[in-house]
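Here is the structure we will look at, set down as structure tokens.
Coordinate-derived values only; no laboratory data. Just so we're clear, the structure is a prediction, and the values are computed from it rather than from any experiment. Because the Cβ atoms are built from the backbone with ideal geometry, glycine has one as well, and the counts that use them run over all protein chains shown.
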Amino acid sequence: MKIATIVLIISLLVVGAYASLEVSYYSSKIAIEKDLSSPRVLIPAIGINERINNVSINQGVYHEEVSYLPTKGDVILFGHRTGYGFPFLRLNELKIGDNVTLEWPGIGQVNYTITNSSIVPASYLLPVENNTQRLYLITCDPPGFTTNRLIYEANMTNVGELNSTILKDNPQENYGLYISLLFLGLGLILSYFYPIKEDRLIVLIVVIAISAFLFYNYFYPLPPEIISDKLNWLNGDFS
């Protein structure tokens, strides 16, 4: 192997190392600050992620004022199935065992599990207590009529810390793929036209190996904190 080839391989490794960090950076999820100005209800089973208000059911999911705050007693949430954003349109699809989460500023992330459902007359009064930790999700039944109420009852399971951020896909995620393809394409051209013919195969193997590592980082990116530290170091920021 010629000295020029050794220098080239070292250069490819250095460029590949930097490229791998860039690929991981673009492929990693990014942390977005949550809007914690008001509580929210999340029901993954039926795709609900709605803000909770204490003004009116006509403004979305409404926290009934006669009920309590989470962890302080029973909580009642109302929502329309038709009109006014119909936040509880799919409420009837809930099943026993489904999870409901209330993200409540000042309290935390309160998790509940659905335990029961019932249909009752509109005049039915719920027994709201401060010594139990139940959540009631209520909407009209059938949709568009106020004759009855569809009620789902859930029991609180645990309370956790309220996360201030949420992870989302990087909108520039494809850049990581473009970098990997660009490195592979240029590397193949380099290995094909490399002037030292007897070393072309070695260069090709190195290019393919580094490219495979880049594609691996695209699908399995490094943790964000590692990426940030390494990029800062490579860019000369040693603070």
**Asked** When F183, F193, F86 are ordered from fewest to most other Cβ atoms inside 10 Å of their Cβ, what list results?
**Response** F193, F86, F183
**Request:** Using only C-alpha positions, report the orientation-averaged shadow area of the convex hull of the stretch 5-51, nm², one decimal.
**Result:** 5.4 nm²
**Request:** Return the single residue from S118, S180, S211 with maximal mean-square fluctuation; model: Gaussian network over the chain, springs between Cα atoms under 10 Å.
**Result:** S118
**Message:** Among [x] 20.8, 74; [y] 29.7, 106; [z] 28.0, 90, only one was calculated for this model; which label is it, if the read-out is Rg and Dmax of the Cα atoms in Å?
**Reply:** [z]
**Prompt:** Out of G79, P171, Y218, whose Cα points farthest toward the positive end of the dipole of the chain (charges: +1 Lys, Arg; -1 Asp, Glu; placed on Cβ)?
**Reply:** Y218
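What is the calculated FRET efficiency for T132 to Y220, with r their C-beta to C-beta distance and R₀ = 41 Å, to the nearest 0.05? Can you show the working numbers first?
Values: r = 45 Å, r/R0 = 1.10.
The calculated FRET efficiency here is 0.35.
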**Asked** Counting Lys and Arg as +1 and Asp and Glu as -1, what is the net charge of the other residues whose Cβ lies under 12 Å from the Cβ of F88?
**Response** 0
**Request:** For the stretch 40-163, calculate the relative contact order in percent as a whole number, restricting contacts to Cα pairs under 8 Å that are 6 or more residues apart.
**Result:** 25 percent
**Prompt:** In what sequence, highest mean first, do 6-14, 200-208 appear when ranked by Cβ atoms within 10 angstrom?
**Reply:** 200-208, 6-14
**Request:** Place a +1 charge on the Cβ of each Lys and Arg in the chain and a -1 charge on the Cβ of each Asp and Glu, then give the dipole magnitude about the Cα centre in debye, rounded to the nearest 20.
**Result:** 480 debye
**Request:** Rounded to the nearest 500, what is the 222 nm mean residue ellipticity of the chain from helices alone, with -39500 (n - 2.57) per DSSP H run of 4+ residues and division by all residues?
**Result:** -11000 deg cm²/dmol
**Request:** Report the net charge of residues surrounding E103, where surrounding means a beta-carbon distance below 13 angstrom and charges are Lys +1, Arg +1, Asp -1, Glu -1.
**Result:** 0
**Separation of the N174 and N54 label points, Cα + 7 Å toward Cβ, nm** = 4.6 nm
**Complete:** Note, Y26: beta-carbon cut-off 12 Å, +1 each Lys/Arg, -1 each Asp/Glu, net -2
**Fill in**
Between T147 and F86, the FRET efficiency computed from the C-beta separation at R0 = 25 Å comes out, to the nearest 0.05, as 0.90
**Asked** For K72 and I32, what does the FRET efficiency come to when R0 = 30 Å and r is the distance between their Cβ atoms, rounded to the nearest 0.05?
**Response** 0.50
**Request:** Note down the nm distance, to one decimal, between modelled labels 7 Å out along Cα→Cβ at E198 and at I3.
**Result:** 1.7 nm
**Prompt:** Given springs between every Cα pair under 10 Å in a Gaussian network model of the chain, which of N131, N111, N170 has the largest fluctuation?
**Reply:** N131
